[in-house]
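These notes concern the structure reproduced below.
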Amino acid sequence: ARINPAVCARLTAAAQHLSGGSDIPPVPVRGQDEIAGLTRAFNTMAANRAQLEQARKAMVSDVAHELRTPLSNIRGWLEAAEDGVSDLDPALITLLLKEALVLQHVVDDLQDLAVADAGSLRLTVEPVPVASALEQVRAAHEVRAAQAGVTLTVSADPSLVVRADALRLRQILDNLVANALRYVPSGGSVSVSAVEDGSDVVIAVADTGAGIAEEDLPHVFDRFWRADKSRARSTGGSGLGLAIVRKLVEAHGGSVGVTSTTGQGTTFALRLQELS
């Protein structure tokens, strides 16, 4: 096929702009030859790069937003204590500790994501009895559930065993249950159940909360995404919990999905390999 010099020139110019960090419009595609195929592939690469760059900028902005408020609070309270406006009494120390824990939580979540993104997440895979794991989660969250007026139940056949890292599985379940408890009003319920499905075990965390709008479902595992945009950081978590859940489940070779009905509730279901 005859190579069109004009097309090659456009591709070369676009590649030079792209290498310099500039966003570029799609290069026009003409015909069905090899050059047209190359042009389509180039346009796809450029579009993917633009999306990744946009996500990176959003990530930096979101991290700064998450850290700014607790840092500002800590600074304000310390400056007030230094100026003698307030005393460094036990109540103030408790407030400072609370804000420090918020910072620590965000940093720990970011570190978990960074390790997972780099493919450096180390798992100690072993047989994990599912019923025992669910009972540990129930015990860890029952006080908080009771304080919120939410019924928390777990159920699993004692014979179910999965191949997993026990600590990471606990982290996955903790994140899902904590997330459910945030969005369930008093009088509602959160249930954690496990069933066998072929060679897998499916663990479901279901709640009777307000549910998630259909248009929002594709974004629930995005970093710093919250269903309620006005939800305060103190009750909405770091915004990283569900992103960490997906990364940890995928590191186990499993999958996680979500279904929801507005006004009725939400169910997260993770699928892990059963120990045969």
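Given H placed on each backbone N at 1.01 Å, which residues far from Ser255 in sequence or on other chains put an amide H within less than 5 Å of it?
Those qualifying (amide H under 5 Å, at least 5 residues apart or on another chain) are Arg271.
At a Förster distance of 51 Å, what's the computed FRET efficiency of Thr124 paired with Ala47, Cβ-Cβ distance as r, to 0.05?
Working: r = 39 Å, r/R0 = 0.77.
The calculated FRET efficiency here is 0.80.
Calculate, in nm to one decimal, what Glu196 and Asp222 gain on full extension: separation in residues at 0.36 nm each, minus their alpha carbon distance.
On the way: separation 26, 0.36 × 26 = 9.36 nm, distance 2.84 nm.
Gain in length upon complete extension: 6.5 nm.
Tell me which residues come under 5 Å, amide H to amide H, from Asp200 once H is placed; ignore anything under 5 positions away on its chain.
It is Glu274, by chain and number.
What number, rounded to the nearest 500 deg cm²/dmol, is the helix-based mean residue ellipticity at 222 nm of the chain, given -39500 (n - 2.57) per DSSP H run of at least four residues and division by all its residues?
Calculated at 222 nm, the ellipticity per residue is -18000 deg cm²/dmol.
Using label points projected 7 Å from each Cα along Cα→Cβ, tell me how many nm separate Thr262 and Ala80, to one decimal.
4.0 nm
Using amide H atoms built in the peptide plane, which far-off residues or other-chain residues are under 5 Å from Val154 H to H?
Sorted by chain and number, the residues that satisfy this are Val192.
Show me 81-94, 36-49 ranked by packing, highest mean number of other Cβ atoms within 10 Å first. It would help to have the intermediate numbers written out before the result.
Details: 81-94: 10.8, 36-49: 14.6.
So the peptides 81-94, 36-49, ranked by packing, come out 36-49, 81-94.
Quick one: Debye curve from the alpha-carbon atoms of the chain only, equal weights, vacuum; give me log10 I(q)/I(0) at q = 0.12, 0.17 Å⁻¹ to two decimals.
These q points yield log10 I(q)/I(0) values of -0.89, -1.30.
Go through Gly239, Gly211, Ala47 and say which Cα lies farthest out towards the positive end of the charge dipole of the chain; charges sit on Cβ, +1 for Lys and Arg, -1 for Asp and Glu.
In the chain, that residue is Ala47.
Roughly how far apart, in whole Å, are the Cα centres of segment 159-175 and segment 88-129?
Here the two parts' Cα centres lie 18 Å apart.
In percent, how large is the relative contact order of the chain, given Cα pairs closer than 8 Å and 6 or more residues apart?
Details: 367 pairs, mean separation 42.4, N = 276.
In percent, rounded to a whole number, it is 15.
Using per-residue counts of other Cβ atoms within 10 Å, averaged over each peptide, order 149-157, 170-178 from highest down. Before the final figure, lay out the partial values.
Working: 149-157: 17.0, 170-178: 20.8.
Taking the mean over residues of other Cβ atoms within 10 Å, the ranking is 170-178, 149-157.
Could you give the dipole magnitude of segment 105-226 about its Cα centre, charging the beta-carbon of Lys and Arg +1 and that of Asp and Glu -1, in debye to the nearest 20?
Working: 9 positive and 18 negative charges, 75 e Å.
That gives a dipole near 360 debye.
Throughout, read-outs are computed from the coordinates displayed, never taken from laboratory work. These numbers were taken from a predicted model, which means no experiment stands behind them. Neighbour counts are summed over all protein chains in view; Cβ atoms, including those assigned to glycine, are modelled from backbone coordinates with ideal geometry.
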